[in-house]
Amino acid sequence: MTDLNIPEELAARAGGRCELCGGTSGLTALSAGGDSAERSVLICDACAAELASDTLDPKHWFCLKEAIWSGVPAVQVVSYRLLLDSAYLADDVLAWANEGLAEADEDEGDGSGRTVDCNGNELADGDSVTLIRNLDVKGAGFVAKQGTRVNDIRLTDNPKHVEGRINKVAIVLKTEFLKKA
């Protein structure tokens, strides 16, 4: 009853069901950072198709609100990676999940750790930037409007974030919403 590509241990652990959504059709193993059954998750064809698509359907992934609480660390890791930081995990499982995210970030970028705006222009301390869309500033109770200029930015440890001041409030801005002025 098990697919030849699915290790017996993984098939037995999953009980013939997708470990993320509970589906039963087209089951296959998905690696969560290793070749063993312990570091793999059994997923259905619907989850596999979602993971292969360019855009994820949020309705399909409602199942993760339960999968994240699985007693299986590999299921927790995959759920965490899909939820993007919206869950608590044990320290060792969190480190494992973040390893995979760091590797994905390195694959996406050029690996240099440069801070760049939405157009790929390199940003430096003291530069001025302009917002390319309206941003809700959480905790400050206002919306930073598109076109707002932010002068004298400061780089952070994260190349995807810069610090600046809008309406005399110091905030952290994601570089994907900024263009160099």
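Lysine pair count for the chain with Cα-Cα distance under 15 Å and sequence separation of 8 or more or different chains is 8. Region 148-179 and region 40-63 have Cα centres separated by 34 Å.
Remark: the residue 93-residue 165 segment gains 22.3 nm on full extension, using 0.36 nm per residue and subtracting the alpha carbon distance. With pairing defined as another cysteine C-beta under 4.7 Å, the cysteines of the chain that fail it are 47, 118. Maximal additional length on extending the residue 132-residue 12 stretch stands at 38.1 nm, based on 0.36 nm per residue less the C-alpha distance.
Estimate the FRET efficiency between residue 179 and residue 70 by the formula 1/(1 + (r/R0)^6), using the beta-carbon distance for r and 45 Å for R0, to the nearest 0.05. It comes out at approximately 0.60. Is region 8-108 rounded, prolate or oblate when judged by the Cα gyration tensor, a ≥ b ≥ c being the square roots of its eigenvalues, rounded requiring a/c under 1.5 and prolate requiring a/b larger than b/c? Since a/c stays below 1.5, the shape of region 8-108 is classed as rounded.
Each listed q (0.17, 0.23, 0.28, 0.29 Å⁻¹) maps to a log10 I(q)/I(0) for region 129-180, found by the Debye formula over equal Cα scatterers with no solvent: -0.44, -0.83, -1.25, -1.33. Rounded to the nearest 10 degrees, the angle from helix 91-108 to the longest Cα principal axis of the chain is 60 degrees. Each residue, residue 55 and residue 35, gets one label point 7 Å from its Cα in the Cβ direction; the gap between the two is 3.8 nm.
Read-outs: derived from the displayed coordinates by stated rules, not from any lab. The structure presented is a predicted model; accordingly, all values stated were derived computationally and were not measured. Methodologically, a virtual Cβ is constructed for each residue, glycine included, from the backbone with ideal geometry; neighbour enumeration extends over all protein chains shown.
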